[in-house]
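Working notes, structure below.
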Amino acid sequence: MARAIHSVRNQTFTEWELLVVDDGSVDGTAALAKAEAERDPRVFAYSSQRNMGAAAARNLALEHARGRYIAFIDADDEWLPQKLEAQLAHLQETGASLGYSGFWRVIDGQRRRVNVPEQVTRDQLLYGNVIGCLTAIYDSAVLGKTRMPDFALSHDYALWLDLLEHGPALGINQPLAIYHRQERSLSSNAWHSAKGTWGIYRNYLKMSRRDAARCLSAHLLKRTFRG
């Protein structure tokens, strides 16, 4: 978490607020978050007595957010210094309400660049998620403070699909963040990830088995080539 907080504090755009949610951890995260909040008035620490899950933790932060633009960062990840400045300028110049960017994926010390398209529509996203959660940013003045659907996996994907009902998202094909992949995490397990995506198609979007299978096949193919 210290790395993630430092990367936010190191942003060239300085008018931010960071809402840190300790989701019932027992590893000292709550104490670290509290210490950071005491050190910097732009940092706010919140804790839950039990593990709520990532979606609920993000929604708790969203309830307290006061800023117009909403962005996300997990404890293991980091933003590059120009991330917020570049994306805010891009949103304001283009009038887009949802943005994203490329990023670096680090696995076992090996760094690989993940490229993204300059635009994605909702129909296109159904066939493969190109929006990394650590790069996403949306304008709550246009889209409202939209909550993440409460799923154990792929809740961010479900949110992007909801937001894209209002129009396409625009990307910056430049790495603006670093995703540190944890091999033992649920998100790094291909089976669990596919199962989560299938659940979005079938249970959230109410797609037929045939349509869901077609979308999932394309989704997995893109994931394979993206790495």
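Restricting region 114-148 to residues that are closer than 27 Å to Leu221 by Cβ, charged (D, E, K, R) and touching a residue at least 12 places away in the same chain (Cβ under 8 Å) leaves a set whose member that is surrounded by the most Cβ atoms within 10 Å (Cβ to Cβ) is Arg122. One residue stands out in region 45-60 among those that are part of a strand (DSSP E or B) and surrounded by fewer than 19 Cβ atoms within 10 Å (Cβ to Cβ): the one that is modelled with the highest pLDDT, namely Tyr46. Can you name every residue in region 1-36 that is over 20 Å from Pro81 (Cβ atoms), modelled with pLDDT under 85 and not in a helix (DSSP H, G or I)? Once the filter is applied, which keeps residues that are over 20 Å from Pro81 (Cβ atoms), modelled with pLDDT under 85 and not in a helix (DSSP H, G or I), region 1-36 yields Asp22, Asp23, Gly24, Ser25, Val26, Asp27, Gly28. Against the criterion of being modelled with pLDDT of 95 or more and within 17 Å of the chain's Cα centre (by Cα), Ala141 does not qualify.
Entry remark, region 134-179: residues being in contact with a Leu (Cβ under 9 Å, 6 or more places away or on another chain), hydroxyl-bearing (Ser, Thr, Tyr) and within 24 Å of Ala212 (Cβ to Cβ) number 2 in total. Quick check on Tyr204: is it in contact with a Cys (Cβ under 9 Å, 6 or more places away or on another chain) and not charged (D, E, K, R)? Against the criterion (in contact with a Cys (Cβ under 9 Å, 6 or more places away or on another chain) and not charged (D, E, K, R)), Tyr204 does not qualify.
The values are calculated or read from the model by the stated rules, or taken from the named source; none is laboratory data. Computed from a predicted structure; not experimentally measured. Methodologically, a virtual Cβ is constructed for each residue, glycine included, from the backbone with ideal geometry; neighbour enumeration extends over all protein chains shown.
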